Amino acid sequence: MKILVTVKEVAEVDDEFDISGLDIAESSLEYDLNEWDDYAVEEAVQTSESHDDVEVVTVTVGPERAEETIRMALAKGADRAIRVWDDTLEDAQFLDVETKAELITAVAEEEAPDLVLSGVQAGDDANGATGVAVAEELGFEWAAVVNHLELDADAEIASVRRELEGGIEELTDVELPAVLTIQTGINEPRYASLRGIRQAQRKPLEVNSLEDLGLDAGVVDSPVERTSMYEPESESDATVWEGSPEETAGELAAFLRDKGVVDG
Amino acid sequence: MTVLAVAEHRRGDLRDVSFELVTAGRELADELGSDLAVAVIGGDVEGFVEELNREGVDTIYTVAEGEEFNHGIYAQTIEQLHAELDPAALLLPNSVNGLDYAPAVAEQLDLPLVTDVIALEGSDPVEVTREQYGGKVEITYDIGAEQYVLTVRPAEWPTATAGGEATVETFETDIDEGALGTTVKGFEEVGAGDVDITEAEVLVSIGRGIEEEENIPLIEALADALDATLSSSRPIVDNGWLPQNRQVGQSGKVVTPDVYIAIGISGAVQHVAGMKGSDTIVAINTDPNAPIYDIADYGIVDDLFEVIPALIEEFGGDVPDI
Ligand SMILES: Cc1cc2nc3c(=O)[nH]c(=O)nc-3n(C[C@H](O)[C@H](O)[C@H](O)COP(=O)(O)OP(=O)(O)OC[C@H]3O[C@@H](n4cnc5c(N)ncnc54)[C@H](O)[C@@H]3O)c2cc1C
C-alpha cells in the first residue's frame, strides 16, 4: 500500500510586520511545517507502522527553502519525498487552488497511491480546498475534516469520523482510493529523533519541474488576480491597560471587582 | 442571469449560514443585476422551503434526494442545477460540509474557486475579500471569469429576514448511485463531561501562548483565585492538556459568559465563533496585532507569565512554581 502525504511549508508572520506590494515582506516571515500536515504525516507514519508494506511518500509544492520542512517529514518517518518547483511557479503571482491541485494530481498520477492524506488547510492561505480538489481531479473518493481513521485495506474502505461544527462527528465509510483531509488532534505528532534526522539526510528527495510532470506553463494561469493586501482597519475600541504587569493586573482586578463577578 | 446559493441543513434543521447566504447572495445579485435562486437538497425540503422563503430570494429549488448531507449527491445535483440555470455565481457555505463538496464542484465544472470570502463588491469583475495569515491581513481578488464559485464565511453576513415571495420549483435530478463512494453511518456527539463551560459566568481561557503542559497550573491557580471556570482554544485540547469539553469554538462549545478572559489566544475565526457573544472580553496577549483585540473590550499587551502571577496575587491566591 502506498500513502501520499501533501506537505506544505507555511509562512508565519512576525508580531510586527511590513507589507511589500501584494504580500508580506520576506523579512517579516518565518517558515515551518504546516500544523495540519504534521498530523497528516503522523497518521501516515503510524499506518505504516501498524500495517505491512506501507510506503509513505510526501509531495510538496515549494522552493528549495522548503526542503528543510520536507526533511522534517522524512525524519519523522516518511520514506521519500517529491518537491515540485521551477521558474514558472517561482514567477507566478500566487498559486490558486486549481493550480496546486493540478500539480499534486500530476504527481499522484505517477505515484498511484491508495490513500492521499492532506491537511484540512494550510495555516497561511487557509483555502481549505486543495485536498478535495485533488480528489476530484484524480477521480478518487474523499472526506474532509477527518479526526479519526481506521483502514480496512482488504475491504478497501477507510472508516472515518468527520468533525462537524458544534461537537458533532459524522461517521462515514469511504471507498479507497481516497483523499482524506486531516484535522489537528487526530493523533499526537512525534518529534523527530536524532537518528531520524540523520536518516532523513539519506532519504530520496526528488525535484520535479512542470516539464517533468508533463505540464506546461499554462498551469499557473488563473482568472483570479490578487489586487491588494492590507492590514484590516481595527474595528477595535478595546481599552488597553498600560504599565507594569503589577499595574495592568491591578487594573484588571479592579475591573473584575467593579463588575461584581469576583469577590475579594 | 442568476446567483445560485445552496442551503445547508443537518439532522432536520437548516443551519444559520443558509440565511446568511441569502443575504450575501442578494447583495451579489444586486451588483450583477440578477436573480437569486436558492437550492435545498435532501431532508424535509418542503418544510425547509417555508423557512428559506426570505426577503430577496426569487426562486427556491427543492431537490428531494436523501436525508442527510452526502457530498456525492450534492456534487451531482449542483452540477445538474448549474447546467440548467447557468448561474454567474455559485455561493456555497464555508462550513465543514461546504468544504467537503465546493472544491469538487468547482473542479468538476472547471470554474475558479475562492473560499472563505468575507466581502463582495462590484460586478465586472467582482472583487472578493478574504483573510490570510491567521487574520493578520486581508487580500482582495478580482475574479476575471463569467462564472465562478465562492464559499462564504459563516457569521459574516446577517441572516436575511423572513417574508419572502419566492417561487418554489421542484428540481428532478438523475443521481448515479454507482458513483457514490461514501456512506454516512451516523452521528455522534462528543465533548460531554463533568464541567459545562457554557454555564460559567467567568471563563479563564488559555491558548497556545501557555507553551507547555507544565505551565497549565498557573492558569488553574488563576481560575481558582477568581472562582472562574477554565476553558481553552483548540491546540490545548489537541495536545491533550485539557479535555475536549473545555474547548471553545466552532468545533467545541459556544459560550456567552459575563466575562471571557482570553490568555495567549490569537483569536482565529474558528475560536471567535465560540466566544464572540461574551458580555465582556478581556485579552492578554503579547502581540498587539493579534485579531483577538478586534473583539476585545479590554486588553493587556504583555507577557502572560508576568501578568498572570501578578493577577493571582491581587486576589490573594498562591502562585504555583512552574
Ligand atoms: C475546521 C476547523 C475547526 C477549528 N475549530 C476550532 C475550535 O473549535 N476552537 C479553536 O480555538 N480553534 C479551532 N480551530 C483552530 C484555529 O484555526 C486556530 O488554529 C486556533 O484557534 C489557534 O489557537 P491559539 O489562539 O491558542 O493559538 P495561536 O494562534 O498559536 O495563538 C497563540 C497566541 O498566544 C500569544 N502568545 C504567545 N506567547 C505569549 C505570552 N508569553 N504571553 C501572552 N501571549 C502570548 C501569541 O501572540 C498568539 O497570539 C479550528 C480550525 C479548523 C480548520
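Listed by position, the strands (runs of 3 or more DSSP E) inside the stretch B:1-84 whose residues that are under 23 Å from B:V128 (Cα atoms) and in contact (Cβ under 8 Å) with a residue 40 or more places away in the chain number at least 1 are B:2-6, B:35-41. Under 22 Å from A:D38 (Cα atoms) and open to solvent by less than 10 Å² (accessible area, probe 1.4 Å): does that describe A:A129? Against the criterion (under 22 Å from A:D38 (Cα atoms) and open to solvent by less than 10 Å² (accessible area, probe 1.4 Å)), A:A129 qualifies.
Among the residues of the stretch A:38-60, those that are of a type outside the set (S, T, N, Q) and away from chain B (no Cβ under 14 Å) comprise A:V41, A:A44, A:V45, A:E49, A:H51, A:D52, A:D53, A:V54, A:E55, A:V56, A:V57, A:V59. Residues in the stretch A:19-37 that are farther than 20 Å from A:A108 by Cβ, within 11 Å of chain B (Cβ to nearest Cβ) and either in a helix (DSSP H, G or I) or not hydrophobic (A, V, I, L, M, F, W, C) (or both): A:D23, A:S28, A:E35. Among the residues making up the stretch B:221-270, a single one is more than 15 Å from A:E165 (Cα to Cα), within 7 Å of the ligand (Cβ to nearest atom) and open to solvent by 50 Å² or more (accessible area, probe 1.4 Å): B:S266. Each residue in the stretch B:83-99 was checked for being more than 12 Å from the chain's Cα centre (by Cα) and open to solvent by 10 Å² or more (accessible area, probe 1.4 Å), and 4 pass.
Listed here are the residues, each with its yes/no results for (1) of a type in the set (K, R); (2) surrounded by fewer than 23 Cβ atoms within 10 Å (Cβ to Cβ); (3) within 19 Å of B:A24 (Cα to Cα).
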site	(1), (2), (3)
B:N53	no, yes, yes
B:E79	no, yes, no
B:Y101	no, no, no
B:P112	no, yes, yes
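There is at least one residue in the stretch A:93-114 that is among the polar types (S, T, N, Q), assigned to a helix (DSSP H, G or I), within 14 Å of chain B (Cβ to nearest Cβ) and away from the ligand (no atom under 16 Å from the Cβ).
Taken over the stretch A:51-70, the criterion of being among the hydrophobic types (A, V, I, L, M, F, W, C) and under 18 Å from A:L89 (Cβ atoms) is satisfied by A:V59, A:V61, A:A66, A:I70.
The values are calculated or read from the model by the stated rules, or taken from the named source; none is laboratory data. Please read all numbers here as calculations on a predicted model, not as lab measurements. Note that we place each Cβ from the backbone using ideal geometry, even for glycine, and neighbour counts take in every protein chain shown. Note: areas computed on protein heavy atoms with side chains; ligands, DNA, RNA excluded. Shrake-Rupley method; radii C 1.70, N 1.55, O 1.52, S 1.80 Å.
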